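Read the structure below first, then the notes.
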Amino acid sequence: MYRQGDVLLEKIDEIPKRKTTKETLLVRGEGRNHGHFISGDELDIFEGEMEETTSSGGLVTHYLNVQAEAVLEHKLIASHAWTGEHAPILLPPGRYRVIKQREYNPFSRAIRAVKD
């Protein structure tokens, strides 16, 4: 498992049938001016389905098939410059589920996205 801010990458055995995409922005930050990007030479990106969640309530945004090492980076959306907030993460080959984490607030009795 790999975590970068509000994004969790969980290693999985199989990727379900999903639509492929070339979009490398996996999750936008709450301010909408930064996000978590994936890059790699041998990488397949698949979109999660609308409102697809894990058993623990995380929102599945994408699936990744990493055939050669890839990099997860936290960048500004407009310039693609590193934000300096999170160190880049090197991902070894494998299949991953990308999860935008959510949390339960017992006081308001509401589930909300984790703020990054």
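Hey, among 40, 57, 94, 29, which residue is at pLDDT below 90 and over 14 Å from the mean Cα position of the chain (by Cα)? Spell out the reasoning first.
On the way: 40 fails: at pLDDT below 90; 94 fails: at pLDDT below 90; 29 fails: over 14 Å from the mean Cα position of the chain (by Cα).
Answer to the check: 57.
Has the range 68-75 got any residue that is modelled with pLDDT under 85, over 10 Å from the mean Cα position of the chain (by Cα) and not in a strand (DSSP E or B)?
Scanning the range 68-75, I find no residue that is modelled with pLDDT under 85, over 10 Å from the mean Cα position of the chain (by Cα) and not in a strand (DSSP E or B), so the answer is no.
Here are 79, 55: which of them is under 17 Å from residue 99 (Cβ atoms), among the polar types (S, T, N, Q), part of a loop (DSSP other than H, G, I, E, B) and free of Cβ contacts under 8 Å to residues at least 24 places away in the same chain?
After ruling out the rest, the residue left standing is 55.
Please find, within the range 43-78, the residue that is surrounded by the most Cβ atoms within 10 Å (Cβ to Cβ) out of those that are acidic (Asp, Glu) and more than 14 Å from residue 90 (Cβ to Cβ).
Once the filter is applied, the top-ranked residue is 52.
When the range 16-36 is examined, which residues are found to be in a strand (DSSP E or B) and either closer than 21 Å to residue 94 by Cβ or among the aliphatic types (A, V, I, L, M) (or both)?
20, 21, 25, 26, 27, 36, listed by residue number.
Yes or no, residue by residue, for (1) farther than 22 Å from residue 87 by Cα; (2) in contact (Cβ under 8 Å) with a residue 40 or more places away in the chain; (3) of a type in the set (A, V, I, L, M, F, W, C); (4) part of a loop (DSSP other than H, G, I, E, B):
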{"site": "11", "(1), (2), (3), (4)": "no, yes, no, no"}
{"site": "14", "(1), (2), (3), (4)": "yes, yes, no, yes"}
{"site": "45", "(1), (2), (3), (4)": "no, no, yes, no"}
{"site": "51", "(1), (2), (3), (4)": "yes, no, no, yes"}
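The values are calculated or read from the model by the stated rules, or taken from the named source; none is laboratory data. The structure displayed is predicted, hence computed values, not measured ones. Here Cβ is always computed from backbone atoms with ideal geometry, including for glycine, and neighbour counts include all displayed protein chains.
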